[in-house]
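Working notes for the structure below.
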């Protein structure tokens, strides 16, 4: 399984993201089962990571897994001409995980402007870039 090839730190980050997004079933308060999340044994294909991404393939796979794990809290995605707007439920930890992911994305995908805002009824992620930059990002956030 892919997670076995990732560092212990990357595995912990993916597991924490799944917990925040409510992915998996909890059998007892201290043990979460993540079999609801679809994982692949394969590394990402060339088109799965943004073309301007500077991450190595394995690091990119861990990052994509963290984004996918948050999809359980996602309620809306809008692709606009100059930005992608993703709205999440304000579950506990979602804002913090988005801030951590955005900080990481600013390092490897500096071609885009990343912003997270917390409201009373939602957490909103805005990604702004030129048309080419957005084209490389929209696949990660299907409508």
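State all residues of segment 115-132 that are more than 14 Å from the chain's Cα centre (by Cα) and more than 17 Å from residue 104 (Cβ to Cβ); if no residue qualifies, say none.
Within segment 115-132, 117, 118, 119, 120, 121, 122, 128, 130, 131, 132 meet the criteria.
Anything in segment 120-143 that is more than 18 Å from residue 98 (Cβ to Cβ) and surrounded by fewer than 17 Cβ atoms within 10 Å (Cβ to Cβ)? List them, or say none. Step through it out loud before you land on a result.
Initially, segment 120-143 is screened for residues more than 18 Å from residue 98 (Cβ to Cβ), giving 130-136, 139, 143.
Once the filter is applied, which keeps residues that are more than 18 Å from residue 98 (Cβ to Cβ) and surrounded by fewer than 17 Cβ atoms within 10 Å (Cβ to Cβ), segment 120-143 yields 130, 131, 132, 135, 139, 143.
Among the numbered criteria (1) in a helix (DSSP H, G or I); (2) surrounded by fewer than 20 Cβ atoms within 10 Å (Cβ to Cβ); (3) at pLDDT 95 or above, which one does residue 117 miss?
Going through (1) in a helix (DSSP H, G or I); (2) surrounded by fewer than 20 Cβ atoms within 10 Å (Cβ to Cβ); (3) at pLDDT 95 or above one by one, residue 117 breaks only (1).
Among the residues of segment 91-110, write down those that are touching a strand residue (DSSP E or B) at 6+ places or on another chain (Cβ under 7 Å) and either surrounded by 15 or more Cβ atoms within 10 Å (Cβ to Cβ) or within 12 Å of residue 125 (Cα to Cα) (or both).
Looking only at segment 91-110, we keep the residues that are touching a strand residue (DSSP E or B) at 6+ places or on another chain (Cβ under 7 Å), and these are 94-95, 98-99, 102, 105-106.
94, 95, 98, 99, 102, 105 - these are the residues of segment 91-110 that are touching a strand residue (DSSP E or B) at 6+ places or on another chain (Cβ under 7 Å) and either surrounded by 15 or more Cβ atoms within 10 Å (Cβ to Cβ) or within 12 Å of residue 125 (Cα to Cα) (or both).
Got at least one residue in segment 59-80 being assigned to a loop (DSSP other than H, G, I, E, B), in contact with a helix residue (DSSP H, G or I) (Cβ under 8 Å, 6 or more places away or on another chain) and surrounded by 13 or more Cβ atoms within 10 Å (Cβ to Cβ)? Walk me through how you get there before you give the answer.
Here is the first cut: in segment 59-80, the residues assigned to a loop (DSSP other than H, G, I, E, B) are none.
Among the residues of segment 59-80, not one is assigned to a loop (DSSP other than H, G, I, E, B), in contact with a helix residue (DSSP H, G or I) (Cβ under 8 Å, 6 or more places away or on another chain) and surrounded by 13 or more Cβ atoms within 10 Å (Cβ to Cβ), which makes the answer no.
Limited to segment 120-141, what total is found for residues that are modelled with pLDDT under 95 and in a loop (DSSP other than H, G, I, E, B)?
Total meeting the criteria: 4.
Taking the residues in segment 97-114 that are assigned to a helix (DSSP H, G or I) and more than 19 Å from residue 77 (Cα to Cα) as candidates, determine which candidate is modelled with the lowest pLDDT. Quick ask: steps written out before the conclusion?
Step one: of segment 97-114, the residues assigned to a helix (DSSP H, G or I) are 97-108.
Still in the list and also more than 19 Å from residue 77 (Cα to Cα): 100, 103-104, 106-108.
Working: 100: 95, 103: 94, 104: 91, 106: 91, 107: 86, 108: 83.
Once the filter is applied, the top-ranked residue is 108.
The values are calculated or read from the model by the stated rules, or taken from the named source; none is laboratory data. Remember, it's a predicted structure, so these values are computed and weren't measured experimentally. Heads up, the Cβs are rebuilt from the backbone with ideal geometry, glycines too, and the neighbour counts pull from every protein chain shown.
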